[in-house]
Every structure is written in C-alpha cells, then in structure tokens.
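Down below is the structure, laid out as structure tokens.
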Amino acid sequence: MRKIILASMAAAAFSLAACSEKAQQETSEAGDAIAADAASAGDAVADGAADAADATADAAKDAGNAVEGTVNAAGDAAAAAGDKIQEETKKAEANDK
C-alpha cells in the first residue's frame with residue numbers, strides 16, 4: 001500500500017513541473033487527500049488491533065479465573081476427603097481397642 005502511495009506521490013511531483021498553477025494545486029490537493037485517506041485507514045487498523053488485543057486479554061483473564069476457581073474447588077474437595085479419611089481412621093482405631 002505504501003509503495004502505491006509513494007509511487008503516486010512521485011508521479012504527481014514529477015508532473016507538477018509541467019503543469020499550470022491550477023493543475024499543480026489540484027494535484028497537491030489530491031495528494032493530500034490520498035495521504036489523509038491512508039492515515040485514516042492506518043488509524044482504523046490500529047484501533048481494530050487494539051480492540052482485538054483487549055478482547056484477547058479479557059478472555060485470557062476470564063479463563064485464568066475459571067481455572068483458578070476449578071483448582072480451588074479441587075483443593076477444597078481434596079481437603080474434605082482428607083478430613084473424612086482421618087475421621088474414619090479414628091473411628092476404626094477406636095473400634096479396634
């Protein structure tokens with residue numbers, strides 16, 4: 001895209017030497033319009049990329065929170081199972097006496 005814009009600008013610059021003042025002004029205005037359009041397109045792409053990066057970061061954070069919740073629940077279940085085993089072991093030991 002830049003090569004096309006630069007080639008257009010170069011062609012316009014070379015043709016300015018042979019043009020009348022009015023044609024030079026029109027060519028300059030056209031070049032300015034092309035540059036403005038290119039800048040707007042670049043800004044739109046940058047904004048879209050930033051939005052996509054933000055959405056990806058939010059999704060990763062949400063996934064991390066979900067994993068953390070699952071790990072915590074698994075830890076709680078393991079602790080409860082350990083407590084239950086300890087309780088049942090004490091009961092069995094009491095029955096053996």
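The values are calculated or read from the model by the stated rules, or taken from the named source; none is laboratory data. These numbers come from a predicted model, not from an experiment. All Cβ positions, even for glycine, are placed from backbone atoms using ideal geometry, and neighbour counts span all protein chains on display.
Given the criteria out of contact with any strand residue (DSSP E or B) (no Cβ under 8 Å at 6 or more places or on another chain), among the hydrophobic types (A, V, I, L, M, F, W, C) and loosely packed, with under 10 Cβ neighbours inside 10 Å, does A92 qualify? When the stated conditions are applied, A92 passes them. Of the listed requirements (1) at pLDDT below 90; (2) in a helix (DSSP H, G or I), A81 misses just one: (1).
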